[in-house]
Structures are given as C-alpha cells and as structure tokens.
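The values are calculated or read from the model by the stated rules, or taken from the named source; none is laboratory data. Because the structure is predicted, anything quoted here is derived from the model rather than measured. Methodologically, a virtual Cβ is constructed for each residue, glycine included, from the backbone with ideal geometry; neighbour enumeration extends over all protein chains shown.
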There are 2 protein chains.
Amino acid sequence: MSQAIQIYDTTLRDGTQGEGVSFTVAAKLRVAEKLDQFGIDYIEGGWPGSNPRDLAFFEEAKKLKLHHAKIAAFGSTRRASLPAEEDPQLKLLLEADTPVVTIFGKTWLLHITEILRTTAEENLKMIEDSVRFLTENGREVIYDAEHFFDGYCDDPDYALQTLEAAKRGGAINLTLCDTNGGKLVSEVEAIVGKVCAHFPDTLVGVHCHNDSGLGVAVSLAGIDAGATLVQGTMNGVGERNGNANLTTIIPNLVLKMKREMNCKSQLSKLRDLSLFVDEMANRSHDMKAPFVGASAFAHKGGVHADAAAKVKESYEHIEPELVGNRTRVLVSDMSGRSSVMMKAKEVGVDLDAHPDELREFLGKLKELEYKGYEYEAADASFKLLLNRYLNGKKDDVELIGYRVMVGHQTAMNRTVSEATVQLKVGDEIHHTVAESNGPVGALDAALRKAIAPVFPEISEVELIDFKVRILDSQHGTDAIIRVQIESTDGKEIWGTVGASDNIIEATWEALIDSVEYKILLHSEGK
Amino acid sequence: MSQAIQIYDTTLRDGTQGEGVSFTVAAKLRVAEKLDQFGIDYIEGGWPGSNPRDLAFFEEAKKLKLHHAKIAAFGSTRRASLPAEEDPQLKLLLEADTPVVTIFGKTWLLHITEILRTTAEENLKMIEDSVRFLTENGREVIYDAEHFFDGYCDDPDYALQTLEAAKRGGAINLTLCDTNGGKLVSEVEAIVGKVCAHFPDTLVGVHCHNDSGLGVAVSLAGIDAGATLVQGTMNGVGERNGNANLTTIIPNLVLKMKREMNCKSQLSKLRDLSLFVDEMANRSHDMKAPFVGASAFAHKGGVHADAAAKVKESYEHIEPELVGNRTRVLVSDMSGRSSVMMKAKEVGVDLDAHPDELREFLGKLKELEYKGYEYEAADASFKLLLNRYLNGKKDDVELIGYRVMVGHQTAMNRTVSEATVQLKVGDEIHHTVAESNGPVGALDAALRKAIAPVFPEISEVELIDFKVRILDSQHGTDAIIRVQIESTDGKEIWGTVGASDNIIEATWEALIDSVEYKILLHSEGK
C-alpha cells in the first residue's frame, strides 16, 4: 500500500509573491483556520524576517485553536561566516514560535558563487548548521532545496551533498524545489526517483511552479516517483505564473490516483475553500479553474448538453459534487430544447409539464438572445423570465420613470452624477434622488432608496461585479450594450443581465432584476 | 531526427464552446489571418452544420489569401442508417469548400449504445463511409476519435477498430481526443504509444482538454509517445476548463523539447498573437498565463528582483524575449523605459534627445497606468500625451463643461438621451445640444456640432469601435472604467483611451482625444 500524502500549503507565504495578491493579518488568520478545517497538514504562514505583517501573523497565530494542521515559519539558512546562533534571521524564526520551521538553502552552484558569493563548502556548512540549530531548539525542520532541479542537472553530486547536509542537521523532510518553474514532467519524475532511491529512509517533498504550464503535472510526477509531501498554494496564486495549484492537485491525487491524505474526507468542501481564499485575497475566482471553477462542469454546445442529459458521465470526467461543484447548462443561441429544460429544472421550474409553453418560451428566448441578452451567467434573470412567462408572475415593483444626469464643469474641476427614480410599489408611489461617483452608482442608490421602505431586505444586497460588453462594437455609439451584474446578500450570489443600445437602460434592467430576485428569495424564506 | 510537429488550431470552433467566448464573423476572419501569419498549420474555422455564423465564415474565408495554413471545416460522421451522400450535415461540410475536413466519430461503446442508440458494427460503417465520402470528394480528412482514451480503457480492441475504419476510409491523420479531459499523463502516454505502434505508417494527433489541469502536460506526453499533430486553442479557451493551451504548448515544444514546426521562426510574436486573440474575443488577457502573461516574468520579492538583476537566468526559466515577453520588476521605475522609448519612436517622437523629460514622463505614465489608462491599443492618446508633455502642445479645444441626461418614462415607452457641450475653440465659445439613442451617442453628436464650425475636417471622422472594460469589477459601481475608441477618417485608423470611475467621463476623454488627434493629423497635412 502506498504512503499517505502530506499537503503543505504556502498560500500565505509564497502565494503572496503573486502580482496583485495580498492578505491582511486578519485575512491570513481566517485562511489558516479554514485550511485547518479542510484538513491541510502544514500551513506556511510567512517569513518572519521579511516584513512586519508576517511577524504580526505569527504572534496572533499562537492563539489559534487548530485541529490538525501545523503552522510553519519560513526562512533561509544562516548567512555565510556567521554562527547560526548569532544569525538575526534564524533568531526571528525561533521567535515566531511555530512547531515547524521550513528553511531554504542553495543547490545550484551558479547561485552560490554569483548571488551568495560564497563557496560550495561553506554552503554545505550553512545548511547543516542552520538545520541543526533549529532542530536543537525543538523545531520540526523541513528543508527546501531551492533550484534543486537546475542544480541537479548542473552537478548531481553536489546537489545530493546539500541534501545530505540537511539530513545530518536533522531535517525531517527534504523538499525539492523547481524554483524557476520550467521543468518538464519527465525531468522531474527522473530526478525525484533518483533522490528517493538515494534517501530510502527520509521523507521527500516537491515544490513546483507553473512557468511551463506544468505546475500540477510535475507535482503529480514527483508523487508518482516517490515523494510523499507536496507544496503548493490554493488557486495557484504565487510569483510569476503561480505555484502548483493545490485545488487541482488534491482532487487529482484523491480521485484519479487514489492516494490517501488527511483532507480526503473534506474533498466536497474544496470549491468552498477555493472561493473563500480568493474572497480573502480580494481576487475574482477563476471560472475556468479545473474542478472548482464555475465553468468546470458547464455545458454549452447542443450536442454535449443533450448527451449530458442522457448519460451524465458522457461529458464529465468526475461527479462535480465530489469537489462541491455542480453541472450547469449554459443557455446560448447554440443550445436547444434540452438545455433550456435542464436549466429550468436547475432554477426550480419543471417545463415537462408545459410542452406548449416551452415551445413559445424557446421562441421568446431566441428573440431576447438576438437582442443581446445572454443568460449564461444570469441565472436570476432567467428564473424571473420563466416566472413571468410561465407562471404569469407580476413584478413587485413597477417603474414609472427614471432620469440620470451627469454634469462636468472644468472650472470647478468636478463631475456630478445624479439620478432620480419614480416607482410604484403596491399602491404607493416612491420618488427618490441620489448622487454618486458615476451614473450607474447614482441609479443604484436611488433605486434602493425607493424600494427599501417596502422591502427592507434590499439593504442586505450588495453589488459584487459589474460587467459591460459592447456587442458588434463596430457600430460605434449605436452598438448594443450588454450589462451583467452579480449581487449577493451574504448567503447567495446571483447574476442578472440587461441589454439595450443605451448603456443606462441596460444597467437599469440588470439592477431591477437583481432587486426583484432578492424580493423573490425573501418571499421564499431564503 | 524526430519529425516536425503540426499545429492544429481550433480556437474558432472548439474554443467558442467556452463560457463567454464568442467571435463575430469579422473577428473570426481576422483571427484566421493572424494564425496564418504566425505559421499555424491547420485552422479549424467552425461547424457548418451547427449555426449560420459558421456558414457565413466559410463563405468569406474562401477569399482569404493565406500563406501556409489550411482551413478545416468540422463535423460529425453520418447519421446511423443513412447513406453518406444523403446526409445533410456531410453535404454542408462539402459546401464549406475547405481543403481539409475534420470529422469526429464515436469510440466509446457507452456513447454508441446510450447516446447514438446504434450498434458497434453500424458505428464502424458510419466512420468508414463518412471519411471515404469526403475523401472521394477531394478533401484531406482528419479523423477525430471522440472519447478515445475513455473508449480505449473500456474496450481497447474496439477503439482500435474505429481507427482502422477511418484509415480504410482514407483519413490522413488519426487524432485521439480526450474529450472529457480528465486523463493523467501516464495514461495518455501509454495509450498514444500503443496506437502509434499499431499504426506505424499513419500520422497520429492528440486533442486534449484541461479538466484535470493537465491539458498541456498530456498533449506533450502524446507528442513524446509519437503523435505528430497537436490540437488546441489560443489562450486555452474552450468548453468547461478549456482546450489544451497552444500558447503554452508551442513554446514548450520549441524551447524545451527542441521540436521542429512551421511556426518556430515566429515564436517571438507569440505574446502578440495571444493578446490579439483575446482582444478579438473581448476577453481580458490572463496575466498569469505561462510564457505570454504580463506576470510571467514579473519579479516582486526583493530577493528575486535583486538576484534577477545580478544573473538573469537565476529566476527565469527562459529568455522572455523569445516569446515576445519581457522581464518586469514590480514597484520600480526601471520598468517600461525601453518600451516607452520604442513606442515614442513609433509615433514619431525621439526621446533619446530628452533624457530628463523621459524620466519625468515615465513617472507621469506610471501614474496614469495606475489610474487605469492603457496605451497599448491607444496610439493616438499616447502621441497626444507625448505632445502635451514634451512639446508643451496646448489642446486646440478647451472644455468648459458638458451635461448628459438620460430620461425614461414607462408610460411613454420611451428613453431619451440628450447631451449639451460647451467648448472654447480659439476665442469663441460654442454651446451645443444633441440627442441620440444613448448617452454616448448624444455626447459624441454634441461634441461634433460644437467643433465642426471651426474644424470642418471633423465631419470625416467616424467611430468604428467602442469598448468598455471594468477594471477591478469587484468594486461594483465604484470600479474604474476604461473606455477605448477606434476612429477613422477613411484613410487612417486611430485608437484613444479614457479612464474614470464615471463611465461618461471616461467616454468623454476618449472622444475628445479622437477629435484632437484628427485636428493634429489635418494640421500635418495628412
């Protein structure tokens, strides 16, 4: 039986090297708790020597009540010609007061001579001394061999000597890093295999990057070749093209390679975890992400949608529910009857019972799509449309009129946006005005003001995404404009759409659908 | 010596199955030309049987003057129990009038019995007949074996029989498709190897998807195992998690695996091509894309940035220039200098003569880019900026103020958009008002009315493209909005840009730059 795999997450350290990725201390703590709940084995929290935020994190992290995960502090081997106990950076690593310390050392002679400007001999001592110092101070030490694959290709004997030095110092794990991230699957597989053969009694790990688009593949190849620990980040955040993506590696290991690991039982929470980490980093979630992305099990073409309705596995490589995802059928002009039926079921309307209405509805839908509406990412608008069309549902809010004004005066160096909205809700007429940075914000604010007295639940709704697409933009200012909005009330997320040759009108349509949908949710007790 | 690899691009067909991916016919034609210039071998343009847009593409594609690429039409084998010559879909494939036709057929018995609801025997006939019918009508036929890997795992003998049927029919290439996209590297490598051994005289291809995050890895494994054609899409667009990404596969094959291919000499245009395809699909470019993304060679950490300055290869797996990319050091005034100099030369301003101004200008540019302006597709705005900054050029038109009003009255079933503009041109003040479908059209019309009496050349200018992109769309209605406009006077085409948290203000900036640029062109006698 093959050994269980340990998952080492470095989202909070190497992940933050990614362009546009940063976490507040509070966000780091929440991510650490979430990773622990998911069953991750090691959580690398930061580099105490590199910035004050990481120091603050370790101070707070001591108070976390973790179930399983061990927090690791990250740092480098001691400086050349300085005893380990006098190295300020190693001292900070001890002060972080974590059960685990991970330190990286040099493998590649190019780096030793050109960057560190020291000798091959001194480098070996730096590794051994630093690991021993930390071990003697009660730390579990993981040794990260930086540029291991480049170094091994350059000088395999020396590369192995650096690992031996770490082992002599007491490292419990030797992790081989493809720091530049460009290695191919066959290279990583061969080299990891040789290292595992050389150190039959020592745990070996891999730490890979995605510069050749192979971050996941080389990590899995390392495991195949005998490594039992894999380092990576959630959603593959990280420097340049990112670290190896754990949200892809974990399901591959569990579902495809049938490997054991502590977080296996939590796999169905993988998509949640992935969304949570992006939320904490204030990044948009990648729709195309394998396993966990919104598009991962989305079917567009008529052929695939049709077949997926007949036999689910026919176009799905796994059951989406295993990773907390779900099948979606995209409604587009390429799709026919069966995808609309499936979509209707998804939003809770059974069209089997209404064969005539279905035909009429399909005609209506084609007409709307021709006008520029698109329901792929606008489930809420689609459900409202079905309700209006099939259930004769009347809207809760009736628009009498709106007016939007944007005025710019150069002498005052000022642009003002103001909107008025006049609505009928029940028998009452509400007439409101609001200002904002731009016309869309002003219209949104006036709309909320008008509705909130009758439907206070509207105050929970927040706009989280706003997209504008010009269709057939060659028509210049006469083109049709599609506006897509994503809203949330903290529990659900829903998408709505509007389309018009007037951008304000298109925005209004998407805004009012978002509000109507929230009222519908509330009336259903959600 | 190993054989040259053929690149088969299906961005325009399988790529459009991706969520949110669509091309107009005009965009498809421009992409096809660009792929040909890059040296791609096969361009799959669409499925004539599936929608009217694809039919229109093939009609227009006949007029393209391609240097090397062959256009392929895509379709399926004939229906069960219908002679090939009577199959309406095969007829449409002939009518597309392309040198190459690619048809897919079933490999997996599950699909044959459950989805097609026919027999294993009839399926073999369907494949052979369909391929033969197309071959006899003068087409080069590529056979796509759908679900080949799933089918092979289920029943290897039958899977090989389907390929034999295609070969008997006259297929010049047998392409093995991992349609569900979930296979691992080792599986694909082993199966491709067996197929190549079984068909030593026939060309074999691979068509993979990215559902396990291994789209690139399994494609490369297929090549390693003997395939000589690889199908994929630019930027990995495509259904679910996308097709295998050619912008990653091509540089891996050329730079890492040292394989020959027709487009090898164009590799330094890879990033251009990648940006162009996303532009045509109105998608944002993925910063994290391997090789071609803006972050691919961006260094953030002090350690890496410092080391990269000492020895470039120390943290870069290839020279970025090989794929048309460049090293970026984030948060540093070093970045951009040489590209700004190049760009300035491009628009006719020599910055070598102004070293101090260059430094200042770079600072100004960074500030503007931080605010959301982007000059890659806005040469006219960039030239005006240089003129204002370096030559102290005053604008010909001075804005006093504008006002835009959009009013909607449900009872009248009408939305009115009106704009007023007040400008100073020379000593005269012009105050005009205009109406249009939407606020942008109204503003454009009022602006032209105000300027035309002084600069009648403005009447020649027409807006031909208008794009809106929301930056940081998570900020909802407060996000920064970038507006890009393309204009023409019938002789030249120019791009301008505006950015603001107010869409009207951003539009105004792009509009006024377009007008100023035309006045500049006219004053230069162009």
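Considered as a group, the residues in the stretch A:497-526 that are within 15 Å of A:Leu384 (Cβ to Cβ) and of a type in the set (Ser, Thr, Tyr) include one that is modelled with the lowest pLDDT, and that residue is A:Ser523. Considering the stretch A:175-213, and only residues there that are away from every other protein chain (no Cβ under 14 Å) and in contact with a Ser or Thr (Cβ under 6 Å, 6 or more places away or on another chain), the residue that is farthest from B:Ala289 (Cα to Cα) turns out to be A:Leu203. Pairs meeting the criteria (first residue in the stretch B:488-501 and among the aromatic types (Phe, Trp, Tyr), second residue in a strand (DSSP E or B), beta carbons under 8 Å, at least 6 apart or on different chains) are B:Trp494/B:Glu486; B:Trp494/B:Ser487; B:Trp494/B:Thr488.
Could you say whether any residue in the stretch B:379-395 is touching a helix residue (DSSP H, G or I) at 6+ places or on another chain (Cβ under 7 Å), within 14 Å of chain A (Cβ to nearest Cβ) and closer than 21 Å to A:Arg414 by Cα? Yes - at least one qualifying residue is present in the stretch B:379-395. Within the stretch A:446-496, being at pLDDT 90 or above and among the hydroxyl-bearing types (Ser, Thr, Tyr) holds for A:Ser459, A:Thr496.
Listed by position, the helices (runs of 4 or more DSSP H) enclosed by the stretch B:198-306 that each have at least 1 residues that are among the aromatic types (Phe, Trp, Tyr) are B:270-280. Among the residues of the stretch B:219-233, those identified as of a type outside the set (D, E, K, R) and either touching a strand residue (DSSP E or B) at 6+ places or on another chain (Cβ under 7 Å) or surrounded by fewer than 24 Cβ atoms within 10 Å (Cβ to Cβ) (or both) are B:Ser219, B:Gly222, B:Ile223, B:Ala225, B:Gly226, B:Ala227, B:Thr228, B:Leu229, B:Val230, B:Gln231, B:Gly232, B:Thr233.
Right, A:Leu399: buried (at least 17 other Cβ atoms within 10 Å of the Cβ), more than 9 Å from every other protein chain (Cβ to nearest Cβ) and either assigned to a strand (DSSP E or B) or under 33 Å from the mean Cα position of the chain (by Cα) (or both) or not? So A:Leu399 fails the test. So is B:Leu365 out of contact with any Pro (no Cβ under 6 Å at 6 or more places or on another chain), modelled with pLDDT under 95, at negative phi and more than 12 Å from chain A (Cβ to nearest Cβ) or not? Against the criterion (out of contact with any Pro (no Cβ under 6 Å at 6 or more places or on another chain), modelled with pLDDT under 95, at negative phi and more than 12 Å from chain A (Cβ to nearest Cβ)), B:Leu365 qualifies.
When each of A:Lys424, A:Lys449 is tested for being outside any helix (DSSP H, G or I), closer than 15 Å to A:Glu516 by Cα and touching a residue at least 24 places away in the same chain (Cβ under 8 Å), the lone residue that passes is A:Lys424.
Determine whether A:Lys424 is over 29 Å from B:Leu399 (Cα atoms), within 12 Å of chain B (Cβ to nearest Cβ) and under 36 Å from the mean Cα position of the chain (by Cα). So A:Lys424 fails the test.
Just give me the residues in the stretch B:14-26 being closer than 13 Å to B:Gly46 by Cα and at the interface with another protein chain (Cβ under 10 Å from one of its Cβ atoms), in sequence order. Of everything in the stretch B:14-26, those that are closer than 13 Å to B:Gly46 by Cα and at the interface with another protein chain (Cβ under 10 Å from one of its Cβ atoms) turn out to be B:Asp14, B:Thr16, B:Gln17, B:Ser22, B:Thr24. One residue stands out in the stretch A:72-113 among those that are hydroxyl-bearing (Ser, Thr, Tyr) and within 14 Å of chain B (Cβ to nearest Cβ): the one that is nearest to the chain's Cα centre (by Cα), namely A:Ser76.
Among residues that are hydroxyl-bearing (Ser, Thr, Tyr) and either crowded, with 24+ Cβ neighbours inside 10 Å or within 21 Å of A:Leu90 (Cβ to Cβ) (or both), A:Thr202 is not included. Flag: B:Ala69 matches the condition of being buried (at least 18 other Cβ atoms within 10 Å of the Cβ) and within 19 Å of the chain's Cα centre (by Cα). Check whether at least one residue in the stretch A:141-153 is under 30 Å from A:Leu214 (Cα atoms) and touching a residue at least 60 places away in the same chain (Cβ under 8 Å), and report yes or no. Yes, because at least one residue in the stretch A:141-153 is under 30 Å from A:Leu214 (Cα atoms) and touching a residue at least 60 places away in the same chain (Cβ under 8 Å).
Restricting the stretch A:477-526 to residues that are more than 13 Å from chain B (Cβ to nearest Cβ) and of a type in the set (Phe, Trp, Tyr), the residue that is nearest to the chain's Cα centre (by Cα) is A:Trp494. Looking only at the stretch A:428-450, residues that are more than 9 Å from every other protein chain (Cβ to nearest Cβ), touching an Asp or Glu at 6+ places or on another chain (Cβ under 9 Å) and either among the small types (Gly, Ala, Ser) or more than 17 Å from A:Leu399 (Cα to Cα) (or both) come to 3 in all. Can you spot a residue in the stretch B:45-67 that is within 20 Å of B:Ser219 (Cβ to Cβ), hydrophobic (A, V, I, L, M, F, W, C) and assigned by TED's automatic domain parsing to the domain that holds B:Asn243? No; the residues of the stretch B:45-67 include none that is within 20 Å of B:Ser219 (Cβ to Cβ), hydrophobic (A, V, I, L, M, F, W, C) and assigned by TED's automatic domain parsing to the domain that holds B:Asn243.
Number of residues in the stretch A:257-283 that are touching a Leu at 6+ places or on another chain (Cβ under 8 Å) and either over 27 Å from B:Val185 (Cβ atoms) or of a type in the set (D, E, K, R) (or both): the value is 1.
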